[in-house]
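Q: I'd like to ask some things about the structure below.
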Amino acid sequence: MAAVSNTSPLYYLITVGMAELLGQLFGEVLIPPGVASELADPSRPAAVRQWIDRPPPWLRIRSLNQAPDAELLKDLDLGEREAIQLAVESKASVLIMDERKGRAIVQRRGLPLIGALGVLGEAHQRRILDNPLAVLQAMRQSGFRISNELVARFEVLLGTRYAR
């Protein structure tokens, strides 16, 4: 079973040159057409658009078998609703998503879930990534929004405290 990713975690990992972590952790990552479209949007940085134009072998764009349900259509953007629908349809091992509304729906539906922070933590735990806090800092400089409280909890979880 593959992982499914929403736009945001993939976008920020691409932006800081760490998207390969997803392939290393999950082997295969599926994205729906809506996520591919959001990554290819002309407003995105050139590096992100170029990455999705020539995706790595571990990334697969997979169409949905059926449209997302009413709850997904009502509250979420295109990438989020399609990613949740694809995770259900493909029986994904995990859905990679950061957005609060989407995560709440995913948790209510009992789907396995991880965010960008979880990806960094898992990569660190598996010794694929030496300094997840440096990657997180680069992501934050690229616009990734996360509370200082959550960063502090992540630092504790890693067993390391870095001075801010």
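Q: In nm, give the distance between the simple-model label positions of Arg145 and Lys74, each being 7 Å from the Cα along the Cα-to-Cβ direction.
A: 2.3 nm
Q: Based on the Cβ-Cβ distance of Arg100 and Arg126, what FRET efficiency does E = 1/(1 + (r/R0)^6) give at R0 = 25 Å, to the nearest 0.05?
A: E(calc), rounded to 0.05, equals 0.40.
Q: Apply 1/(1 + (r/R0)^6) to the Cβ-Cβ distance of Glu89 and Glu20, taking R0 = 25 Å, and write down the FRET efficiency to the nearest 0.05.
A: 0.45
Q: Tell me, what is the percent relative contact order of the chain, built from C-alpha pairs under 8 Å that lie six or more residues apart?
A: Once divided by the residue count of the chain, the mean separation gives 27 percent.
Q: Name the chymotrypsin sites (Phe, Trp or Tyr not before Pro) in region 77-164 that are in a loop by DSSP and that have at most 14 other C-beta atoms within 10 Å, would you?
A: Passing both the DSSP loop test and the Cβ count: Tyr162.
Q: Magnitude of the Cβ-charge dipole of region 3-117, K/R +1 and D/E -1, about the Cα centre, nearest 20 debye?
A: The dipole magnitude comes to about 140 debye.
Q: Please compute the modelled spin-label separation between Ala47 and Ala134, points set 7 Å along Cα→Cβ, answer in nm with one decimal.
A: 1.5 nm
Read-outs: derived from the displayed coordinates by stated rules, not from any lab. Keep in mind it's a predicted model, so treat the numbers as computed, not measured. Here the Cβ is made from the backbone with ideal geometry for all residues, glycine too, and neighbour counts use every protein chain on show.
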